[in-house]
Each structure stands twice: as structure tokens, then as C-alpha cells.
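Reviewing the structure listed below.
The values are calculated or read from the model by the stated rules, or taken from the named source; none is laboratory data. Given the structure is predicted, the values throughout are model-derived calculations rather than measurements. Every residue, glycine as well, gets a Cβ built from its backbone with ideal geometry; the counts of neighbours run over all protein chains shown. Heavy atoms of the whole protein, side chains included, go into the accessibility calculation; ligands, DNA and RNA do not. Shrake-Rupley method; radii C 1.70, N 1.55, O 1.52, S 1.80 Å.
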Amino acid sequence: MSVLCLVEMDEAGVTDASLRALTFARSLAGPGDPALIAAAFGPAGRVPAGLLGRFGVTEAYVVEPAALDGYAPQAWARTLEGLLSVTLAGAVVAAGTDCGSEVLAHLGALTGQPMAANCIAAEPAPSSAGPGVTLAVSRQRWAGLLIEDATLEGTPALLTVATDAVPPVPVDPEPRDEPPVRVHEPDLAPEDLRVRATVSAGREGGMSLATARVVVGGGRGVGGPDGFAPLEELASLLGGVVGVSRVVTSQGWRPHTQQVGQTGTKITPELYLACGISGAIQHMAGCGSARHIVVINTDPSAPILARADYAVIGDLAEVIPALVAALRERA
């Protein structure tokens, strides 16, 4: 079975979440040529064919800005629907990001097929429903607190991959040849472009919270909007970004785009430094996949300490400046 995978790109190239999705999709793809097909949106010159090849992609299609500029969820879904008729793929996979989930939901509406969201595993399964694709899937429910085993029947099968489901693993041994990258011209109707997203002024560029290797989180214990200046400085020194808990966005101290948690962004950094965060279950659902969690808190009984690798029990106003000074001296 050939698998079509939506590949998201940012300023740095292919996102980490999409590399994980490609790894997942590769396990579904059977023998044949092509087996794993990538679909990307942006200038063809920015599509890293070599990297895609290392992750098992045998063919790639790109939609350039001249044909479709910016993010338009229904137009992206219509494009994938058109690519299905070209590639004859039996499944479509995307990362379980806001973009991937929205586009595949639209694709499900266009094709009339069900979608399995936040999958962590999938494999072919026998079916009595006749010809078509049937998969046995395991997927996260309740922000990863529950794993559901289910059967997905539909052609094509539509799946999103939980962003922490699998590590991004290249093919071993890596292929020598780069996959061909073909420019695709989508057939779009005016209504497909009715909803389009734009980047607000002053927010272009920068590192993505979802893909950052270091996240410095701030909660109620930061004290207010002004308390985030030291965290910004610390994040800059560590090469990371600032994330926040839900209460911070509810108070209007920081924008929702920086929220980590069940109703915010799910992060998978190498290091999550949580400052003044108690660790409600909804927040832990968003940061629990961090490789290392370090906590700075005045409360030795804060729930987040049960998940921490290291903890400093102390006042942020004392600990953060000392840490910043030590990092500057080391630099």
C-alpha cells in the first residue's frame, strides 16, 4: 500500500513533527514504487529532497506559492484529494499538529471517510467488509491518559500521528538517491480559498514552541507580565523559547500561542524548565513527553515535582537571575 504523507515546513525546513509522521507512515507503506509519497506546500527549492529520502520518501509533490500561497485548510485538503487520484495512495498520514489535524478533518469531509486522530500505532487488519483498507490502530484519548484500540475502515485511510508517538528515525541503511520532487498544480474552487490564515505582523520567524529543543515555562508563580522578562533572557541563553501555563493566558499575561497543555501546544523538547508551575494534569498532558523536566518552585509538594528529573525549591526572583548570571559567565 502506498502512503501519502503531509509534510509541514517552517523557517528551518521540515518540522520535527512531520519527520515523526514520515517515520510512522513508512511503517504502513508496503513494497512497491512509490511506497511513501510526501506532499509539501512552499517553494520547490526549499523542499529538502535528500532529507525526505533519508526518511524513506520515494516520491514528493510540492505546491508552490504561485498556485497556493499561505495556509488555507480546505484548499490544502482539496490538494491532497487531487494527489490521491494521481498517486492512488491507500492511506493519508499527517502529524497531529493543529495544521495536520485540521487539514485531514477537511479531507475526511471531502472524501466521506473517517479519520483516526492521534495514532501511536497502526497495522493492516483483516476485514469482513469487503475490499478496501482496514487498519488496527491504537490512539491517544483524553490527552494521552487513555489508549484506545480501534479498527479504521476506509479507502483512503486517514490518520494523524500523535506528536510524541514515535521518534524521527531515518531509513537504515540510508538510500543513496534523492526522490524526485514534482511540482503539482492543484485544481481549486473559489470556496476552497474562503478561509485563509495569515501571520500577524511582528510574529513572523522565530522558533516554534512545538519543535523547540528547550522550553522555559512560566506559571502563576512568575507573578505577572513583567516577571517573564528574566524567563525570556534565560530561554535566549539556552537557545529555546518561552511557554506558559493556562492560568497565565487566562490572566492575559501572555498570548494563547505560548500555552503548553491539553488546550495548548503539546511539546517534546530535550529540556523543559518549569518555573512557578504547579503542574495541573492538563498542563502535564502537554509537557509530559519532554525528555528532561527541571522544576523551580517554592512549593515542595507541587504535583509537577513527581514528574521532575531535578527540582530547585526556591524563589524564582533569586534562582533565575543566578542561573542567568552563571550561563553568561560560562558563555
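Taking every alpha-carbon pair under 8 Å whose residues sit at least 6 apart, the chain reaches a relative contact order of 15 percent. For His292, the accessible area of its heavy atoms, probed at 1.4 Å with every protein chain present, is near 80 square angstrom. The long axis of helix 229-238 is offset from the longest Cα principal axis of the chain by roughly 60 degrees. A Förster distance of 56 Å, applied to the separation of the beta-carbon atoms of Thr155 and Glu318, puts the FRET efficiency at 0.40.
Within the chain, what whole-number % of the accessible surface is contributed by carbon and sulfur, with the 1.4 Å probe and all protein chains included in the calculation? Walk me through the intermediate numbers first.
Values: 8070 of 15910 Å².
Ligands and nucleic acids excluded, carbon and sulfur give 51 percent.
Farthest towards the positive end of the charge dipole of the chain, among the residues Pro300, Val63, Ala77, is the Cα of Pro300, using unit charges on the Cβ of Lys, Arg, Asp and Glu. Starting from the Cα-Cα distance between Glu185 and Leu146, subtract it from 0.36 nm times their residue separation and give me the gain in nm to one decimal. The Glu185-Leu146 span can extend by a further 9.9 nm.
For the options Thr249, Thr263, Thr198, a Gaussian network treatment of the chain with springs between C-alpha atoms closer than 10 Å singles out Thr198 as fluctuating the most. About its Cα centre, the dipole of the chain is roughly 500 debye, where the only charges are +1 on Lys and Arg Cβ and -1 on Asp and Glu Cβ.
Quick query: amide H of Val312 versus all other amide H atoms, modeled in the peptide plane; which residues come in under 5 Å with a sequence gap of 5 or more or a different chain? The list, which skips near neighbours in sequence, is Val295, Ile296, Asn297.
Quick one: longest stretch of the chain between exposed loop trypsin sites (Lys or Arg not before Pro), exposed meaning at most 12 other C-beta atoms within 10 Å and loop per DSSP?
Result, exposed sites excluded: 1-175.
For the options Pro175, Pro131, Pro65, a Gaussian network treatment of the chain with springs between C-alpha atoms closer than 10 Å singles out Pro131 as fluctuating the most. Less than 5 angstrom separates the built amide H of Tyr61 from those of Ala38, Ala39, Ala40, Arg182, all sequence-distant by 5 or more or on a different chain. The long axis of helix 316-330 is offset from the longest Cα principal axis of the chain by roughly 70 degrees. The modelled label-to-label distance between Gln251 and Leu193, using points 7 Å beyond Cα along the C-beta direction, is 4.5 nm. For the chain, set up a GNM with springs between Cα atoms under 10 Å and report which of Pro179, Pro167, Pro156 has the largest fluctuation. For the chain, modelled as a Gaussian network with Cα springs under 10 Å, the answer is Pro167. Between Ala136 and Ser301, the contour length at 0.36 nm per residue exceeds the alpha carbon distance by 55.3 nm. Computed with the Debye formula from one identical point scatterer per Cα of the chain, without solvent, the log10 of I(q)/I(0) at q = 0.06, 0.09 Å⁻¹ comes to -0.24, -0.52.
Rounded to the nearest 10 degrees, the inclination of helix 73-87 to the longest alpha-carbon principal axis of the chain is 40 degrees. Think of a 1.4 Å ball rolled over the protein heavy atoms: segment 98-137 then has 48 Å² of accessible area per residue.
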